[in-house]
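Just so it is clear, none of the values below were taken in a lab; they were calculated from the coordinates. Predicted, not measured: the structure shown is a model, and the values here were computed from it. Here the Cβ positions follow ideal geometry from the backbone for every residue, glycine too, while neighbour counts run over all protein chains shown.
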Amino acid sequence: MKFQGSYTALVTPFKNGKIDEKTLVKLVRRQIESGTDGLVPVGTTGESPTLSYKEHERVIEIVVRAAGRRVPVIAGTGSNSTDEAIMLTRFAKKAGVDGVLLVSPYYNKPTQEGLYRHFETIAKKVDVPIVLYNIPGRTGVLIHPETIARLAKIPTIVAVKESTGNMDQASQILSLCGITILSGDDSLTLPLLSLGAKGVISVISNVIPDAVARMVDAYFAGDEAAARRLHYRMFPLCRALFIETNPIPVKRAMRLLGLCGDELRLPLCPMQASNEKILREAMKNYGLKTKGLF
């Protein structure tokens, strides 16, 4: 399967310490109605590190059911334990996802050969399209372009979410193989598209899904000027949404818009008042009307 366009890395709404299932369904529907091309639940933005296995599986089930095959669903099933990643990936396939997002193992910092064997083993055990997730700022390990090129020879490893912030990384990958690159940094989506990326797994599209979809669509329609206008308009909001650790700001923004609560799980905590002021100003300047906190 080929993944292209604007995919949203969905937040996981909580209420009184539990998954707010009704609101999650509403968020899925809003995304689809706004033109989003695909959904990515239980990734970093979905706070997967603090979800229990049962909760992780439940979020996948809810999103797959609510999407109703209208758009692809790529579920986060990565782990720093290969066996655990296999377990989560098997469940996701059974639940009916269109693909899985596998983050590079964190904390144990495998070698490049260890990374290769980790992803290769999962691909052999579960027949489902795989998107690699390269985010060394969180995991402490970079998947090198040469390793990605090796992995791209495995038929079910079809894409990589590039969150390195390094444009040379993307250029090196595409010079070595034809794997699909999806931007993992909202502020770098347009530059990555110009290098040959096929889309984005976006955080900001939780807030402005229509604008992100229009930017990607405009680029692929050949209207680069329109894509640039959309990029520059949303750029300050992009920056504000990463003023603290994701998903703290995006959840606060969604609360300000009345879309869902901003309840988090420790060790994440509510954003500082000074940073919220910056976020509110960026939202106002973009033209978003915030509501009173509830």
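Of the chymotrypsin sites (Phe, Trp or Tyr not before Pro) found in region 52-158, those in coil by DSSP whose Cβ has at most 11 other Cβ atoms within 10 Å are Tyr107.
Within the shell defined by Cβ-Cβ distances under 15 Å, the residues around Leu193 carry a net charge of -2, with Lys and Arg each +1 and Asp and Glu each -1. The C-alpha radius of gyration of region 5-223, expressed as a fraction of 2.2 N^0.38 Å, stands at 0.95. Panel order for Phe3, Phe242, by other beta carbons found within 10 Å of each beta carbon, from fewest to most: Phe242, Phe3. Once the chain from Arg233 to Arg30 is taken as fully extended at 0.36 nm per residue, the excess over their C-alpha distance is 70.9 nm. Using the structure shown, list the pairs from Lys26/Lys277; Lys54/Lys125; Lys124/Lys251; Lys26/Lys109; Lys26/Lys198 with a Cα-Cα distance above 29 Å, or answer none. Result: Lys124/Lys251; Lys26/Lys109 exceed 29 Å. Both the radius of gyration and Dmax for region 5-73 are 11.2, 34 Å, in that order, over alpha-carbon atoms. Using alpha carbon centroids, what distance separates region 12-29 and region 177-197, in Å? Value for the Cα centre distance between the two parts: 30 Å. Size estimate for region 1-135 follows the Kirkwood approach: the inverse of mean 1/r over distinct Cα pairs works out to 15.0 Å.
Over region 95-143, the ratio between the Cα radius of gyration and 2.2 N^0.38 Å evaluates to 1.17. Gln172 sits among other residues whose Cβ lies under 12 Å from its own Cβ, and their net charge, with Lys and Arg +1 and Asp and Glu -1, is -3. List the relative contact order of region 5-223 as a percent without decimals, with contacts defined as Cα pairs under 8 Å and 6+ residues apart. Dividing the mean separation by the residue count of region 5-223 yields 20 percent.
Using alpha carbons only, the radius of gyration of region 157-294 set against its Kirkwood radius gives Rg/Rh = 1.01.
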